[in-house]
Amino acid sequence: MNPLKTFQDLQYIRPDFGELKAFYEDINARVKAAQSYDEVKTCILKEEEISSHFNTMAVIVQVRHTVDTSDKFYEQEDEYINQNYPELMPYVQGFNLALLASPFKADIDCEYGEQFLKAVKLGADSFSDKNIALLQEENDLVNRYQRLTAACKIPFHGEEHNLYGILKFFSDPDREVRKAAAQKYADFFEQNDAELGEIFDRLTKIRHQMGVNMGFKNFIPLGYMQQGRMDYDEKDVASFRQQVLEEIVPFCSELYKAQAKRIGVDKIHFYDEQLIFSDGNAVPIGDSAYLVEQARKMYHDMSVETGEFIDFMIEHQLMDLDNKPNKAATGYMTALNDYKAPFVYSCFNGTTGDVDVLTHEMGHAFAGYMAMRHQPLQALWSEPTDIAEIHSMSMEQFAYPYAEMFFGEKADLYRFQHLQEAITFVPFGVAVDEFQHIVYENPDMTPAERKAAWRDLEKKYMPWRDYGEENTFFNDGGWWYHKLHIYHYPFYYINYTLTTMGALEFKKKNATDKAACWQDYMTLCKLGGSLGYLDTLKAANLANPFAAGGVKRAVDYAIDILKKQIEG
């Protein structure tokens, strides 16, 4: 393997699935025949090497395909991998089962910790050969959604915008501009209503059948397993949602009342929610190159480790940030395992969200960078998704002292806006989660019934949400169509709300004992996926968000800050 230069220099070599299947057949037989732990360990490390290279090739395809969804070569390679990988899974499953049946399991636990085999078992328990064709169809459908939304071209104010581009007008100081932009946004989804409804309808039924094939009543238990959840269940999540309803929703209503007064409107409408200040929100004071340079300075000041990390990201060009035609409307962090290299993808649009990427996605990337260098197996580099978002959301909070570097004289406005949005996001996040529980409990709902269910949840968790009479599509419950996670990553979204609790805990700690706070954060990052959810929280000195009063304790410091500002 050649040393890493830049992402653009990386050579893509199409994975040979025939060779991969043959490799797994051989390695599985070797594990089963092993007469010593050393033989099993050798097999584990060899499998890591082979799977690492396959994953690296798959990530190269993923990035280049999402950067330009019109590139036919990488579209075809993406389809090739998505169609063939499900057929490889039984062979990977064979390796997992061989490890689980090994008489040397205790030795594996001793060297790598118990979580490694627990995760292997969860992966084995969540897979069935019966689901291979369904997984292939699922991949096709999520790619269809991605292509449809990425190809969006909305004419507005003399220019053509994709979905990310039009969003910047949602915070325009001119209310008529905001209203018109929101209508254009809604028009795109309404014009594609039939196809978007059909895609999700099929996804729901496919996933339901996957759950049934695994012996479950519906998809929900399988969805939880796919998210790596081992130590909490649906009842815990429902209890958390109820705490949000009681502790956060009423305060969000207060925030929006104060915002209406501040921006000079009688009542906040949907298209007003993102304008926090009457003369305009804080916006970054430079282009992407400027912002990346400020991020470099920030991370060098933050710690030695973050300084090394940002230099690595910049030197190897492990970011694609600018918005472009045919670029998929999303943001993510992924990793090139062969090089222990994170990669960050976004679509900058000239709003505060651009800076959030340089903190949020970089928080993910920094955690990956540290775990890759502290955990002995790549299987332990990735933590459960309910932990992963703590890294990113906490990094957003740690960046507050550096806001002047990105926003100049409007830094205080940014800090207020960001903290308000951290709180007001939570009700939306739990609404997405309850929506997914509803639709997967009722897989035969029609697209119209799903939209109605979403609108009811908005009224429950976001009682301030008013689309106005003109925006009939969103009024009828179409807003959820825009949320990629609902289509791509079922049951992921609650993680953003659970981890907001952890991030706001870190915010409180940072105000009282910065050194101890950073030490806990570094512990969290280095752990990767070596512990389960609750044990990871404990190791990082974070509270259990499901416990009675957990939400109130996590958010009280942030709410006090906001209360003083809106009342003062």
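A short reminder: the numbers here are calculations on the coordinates, not readings from a lab. All figures in this text were calculated on a predicted structure; none of them were measured in a lab. Note that each Cβ is placed from the backbone with ideal geometry, even for glycine, and that neighbours are counted across all protein chains shown.
Key figures
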read-out	value
Amide H contacts of F156 (H built 1.01 Å from N, under 5 Å, at least 5 apart or other chain)	H161
Two-site label geometry, A515 and D287: point separation in nm, points 7 Å out along Cα→Cβ	4.4 nm
Shape category assigned to region 208-367 from the gyration tensor of Cα positions, a/c cut at 1.5	oblate
Pairwise label distance in nanometres, K459 with A101, each label 7 Å out on the Cα-Cβ vector	5.6 nm
Amide hydrogen neighbours beyond the local backbone of A329, cut-off 5 Å, H modeled	A150
Helix axis angle, 114-125 relative to the chain longest principal axis, alpha carbon, degrees	90 degrees
Residues E49 and E254, FRET efficiency given R0 of 45 Å [Cβ-Cβ distance, rounded to 0.05]	0.25
Compactness relative to 2.2 N^0.38 Å, alpha carbon Rg of region 499-568	1.20
Flagged links, alpha-carbon separation over 28 Å, of K459/K507; K5/K324; K5/K507; K32/K121; K168/K514; K267/K410	K459/K507; K5/K507; K168/K514
Potential extension, Q76-E234 segment - 0.36 nm per residue separation minus Cα distance	53.1 nm
Extension reserve of the N84-F425 stretch, reckoned as 0.36 nm per residue once the Cα distance is removed	119.0 nm
Computed lengthening from A194 to K297, 0.36 nm per intervening residue step minus Cα-Cα distance	32.3 nm
Peptide ranges 90-100, 159-169, 508-518, 106-116 listed from the most packed, as the mean C-beta count within 10 angstrom indicates	159-169, 90-100, 106-116, 508-518
Answer label for Rg and Dmax of the Cα atoms in Å (calculated), chosen among (1) 30.0, 97; (2) 23.4, 76; (3) 28.5, 108	(2)
Rounded if a/c under 1.5, otherwise prolate or oblate - region 163-253, Cα gyration tensor axes	oblate
In degrees, nearest ten, helix 411-441 long axis to first principal axis of the chain (Cα)	60 degrees
Calculated FRET value between E137 and E159, using beta carbons and R₀ = 35 Å, to 0.05	0.40
Nearest 10 degrees, 0 to 90: helix 72-101 Cα axis against the chain principal axis	50 degrees
Theoretical FRET efficiency, 1/(1+(r/R0)^6), r = Cβ-Cβ of I13 and D109, R0 35 Å, to 0.05	0.50
Inter-label distance for R175 and A547, nm, one decimal - labels placed 7 Å from Cα along Cα-to-Cβ	4.6 nm
Residue pairs, from the table K153/K179; K179/K483; K509/K552; K327/K483; K261/K508; K460/K552, whose Cα atoms sit over 22 Å apart	K261/K508
